[in-house]
Each structure stands twice: as structure tokens, then as C-alpha cells.
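For reference, the structure is listed below as C-alpha cells.
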Amino acid sequence: MKPQMILTVISAVVLSLMAGCVSVQADTEEINDKMTTQKEKAESLNQTELAEQADRHIWGVHDENRPPRPVVTPGMTDSAPPSDAVVLFDGTDLSSWQSTRREGGPARWKVENGYMEVVKGTGDLQTKQSFGDCQLHIEWATPSEVVGNSQERGNSGVFLMSTYEVQVLDSYENKTYPDGQAGAIYGQKPPLVNASRRPGLWQTYDIFFRRPKFADDKLTQPATITVVHNGVLIQDHWTIEGETLFQQRARYTPHPDKLPIKLQDHGNPVRYRNIWIRELSEPEKFLKDND
């Protein structure tokens, strides 16, 4: 090949490579432009979101002007009532309770040795005071002498707002339907685990309850419940399906914002002691229109 032809070929190759580089550079610049645009758009959206969020909040992050939280003095033990609790039963009398029969007549359960005990046939008890959102602490014991089985063994119940039952039952080596054992939301939700102690031993429920809400006789927000049984979480912020019914699917019926706590007479001599309750406000208000 003649030198002139070689130079021509080399020039063509060089020009082709240069064109390719220009093309790659153009593509790279286009990609970079798109990435910059997307980044700017994302930053813009983020800033808009942050601006809207800041506009909704009345308090800044770590704002020292934010009002301090109320001070509550805890009890000396885990079961002792805190300073803002309403003591419903301290082991001495039933002055905070009344019978659900005879239009609120006197409570007729037995009181002795620091506990109250169901007296068969006298009827359920309910608090004279009504409650909605609450933290309820209650201790209970089924008879040490085992009589009966399944639902006939140490049966009672704690009814939030007189309507939503947390089952009380001797569930220690006692077979029954799971949504009726101790710690169940009766007829709806079995406990996560069976944390029952032997018959005759004292057991503890710590219940955290948020009431249902109604507007124009329609449910707008269902109730939720968390239950700790003997220190073990057995109901984890579960959404209650409705009022407690026997052998029927639960459903909601409109009712007032506050109703009494009820304890059930199911014919078994179940004992209760150390009952206290804390009324809860709405969950912490966080935004400007709710703080």
C-alpha cells in the first residue's frame, strides 16, 4: 500500500474514533443532565415535604419550649398503683362497686383477707365510675381445688366498658377452645401464648385499652387492646372486632364514650385483688392542630 493511501486510512480511523468520543461524551453529558434533573426534582420534593411538615408542627425538633410531660410517681412495686391511678379495690371493701342487678344495688361478693371473691348467683359487679381509654391492673386467682374442666373451671371475666371481655379461666393444663382460654378476647382472639400459673396462685393482667369511636351511630374507629399476663405479652395492640357475644360473631353497637368496668359471676369462686386503673388521654398530640 502506498504511503499516501496509508495516511488516508489512518486519518479516517482517527476521525472515526474522534466522532465516537464526541458521541460518548454527548451521551454522558445527557445522562448527567438527566441525573442532575432527577436529583434536583427529588431535592425539591423533599424540601417541599419538609416545609409542609414543618408548617404542620407547632414544636421544633428538641424544642425546649415544649411543655414538660406530667410527673407521675410510680408505685414502690410493679403492682402498686401509681400516683394518678384510681384504686378500685384495695382489699378492704367494695365501695367502688355495685351489683349489675337490682338497678345498681350493693355489691354482694365476699371480701376477706385482702381479696374479693365471686359469690355464685349474686350477679356481676361493675364499677360505680365509668371509663373509656384506660390502663387497668387487676390480679386474680382461680380456686386451688380444681373442680370441673374446660369452661367450668375457674371461669370469670374482665369486661372493658362493660362490653369487651378479657377471659379469666383456669387454663393451667385445662383444654378448652382457644378463644375462650385465659387472656383471650372472648370469642374473638386467643392469646399469643398460655402464660397461666397453677390453680390457686395469684395472676396478673395489665390491660391497655383504647375505646371505639362512633359518629352518627356508626363506627369510625374500632377499639384496640394490649394485654400482659403475668409479665408476658399475650395480646399485642389487637383490634377488637366488636362486643363480646356468645357463639356469635362480634359486632359493634354504638354506646357512650365511657362505661363501667365489669367483673363476671360465672358461678365459680374466682378471687380478685389489687385493682387500679389509669384513665388515658388521647395518644400524644404531635401536629399543630392536635398538640
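Every number here is computed from the coordinates shown, using simple stated rules; none is lab data. Please read all numbers here as calculations on a predicted model, not as lab measurements. Every residue, glycine as well, gets a Cβ built from its backbone with ideal geometry; the counts of neighbours run over all protein chains shown.
Observations
- Local electrostatic count, residue 111, Cβ distance below 14 Å [Lys/Arg +1, Asp/Glu -1]: 0
- On the principal axes of its alpha carbon atoms, region 103-149 extends 35, 27, 25 Å, with the longest extent given first.
- Length gained when the stretch residue 173-residue 57 is fully extended (0.36 nm per residue, less Cα-Cα span): 36.5 nm
- Listed peptides 174-183, 83-92 appear in the order 174-183, 83-92 once ranked by packing, highest mean of other Cβ atoms within 10 Å at the front.
- Both numbers refer to the Cα atoms of region 135-246; Rg and Dmax are 14.1, 50 Å.
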